[in-house]
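Report on the following structure.
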Amino acid sequence: MTVIAWDGKTLAADRLATSGGYIKGGATKIFRLDRGSLVGLSGGYDCCMALFDWLCGPRNPADWPAAAQSSVEWARAMEIWPGTGSVLFHERHPHALIIKMSYYAIGAGAECAVGAMAMGASAKQAVEIAIQFINCCGGDVDTLTL
């Protein structure tokens, strides 16, 4: 499972990868795209990579990956564009939801991370806190800063 947090300047994510309740190792869940945006991915890793490929490409709505819209397997992404103060939330269809918040989180540990950031934690600290209290988050913490 996953926790990805954005505090207005830094995107942070845990690295735990699981399958069927078993720990499978570590996975990178946050990326800097060539366009300059930061992306965090949550969901089935194969579905996340299909969504990542779409985000890296021309973003043609007709090419939206079926894996990202399945009711069984799914992927979601939050994308942060430099200088906009907005989080674009991609899930189930190619049209992004724009969220205007100074901090935001996705994944199984999202509520814990948002609560931590509401109390003044950085994104990295919020992920570390979620790892302590959400049993499906864990591993090292990756960060990317705009």
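The values are calculated or read from the model by the stated rules, or taken from the named source; none is laboratory data. Keep in mind that this is a model prediction, so the values were computed, not measured. Here the Cβ positions follow ideal geometry from the backbone for every residue, glycine too, while neighbour counts run over all protein chains shown.
Worth a mention:
- Top-ranked residue in the range 24-54 [being in a strand (DSSP E or B) and without any contact (Cβ under 8 Å) to a residue 40 or more places away in the chain; ranked as surrounded by the most Cβ atoms within 10 Å (Cβ to Cβ)]: Leu41
- Residue match in the range 65-84 (condition: touching a Cys at 6+ places or on another chain (Cβ under 6 Å), crowded, with 17+ Cβ neighbours inside 10 Å and within 20 Å of Asp142 (Cα to Cα)): yes
- Identity of the residue in the range 1-23, outside any strand (DSSP E or B) and modelled with pLDDT under 90, that ends up surrounded by the fewest Cβ atoms within 10 Å (Cβ to Cβ): Gly20
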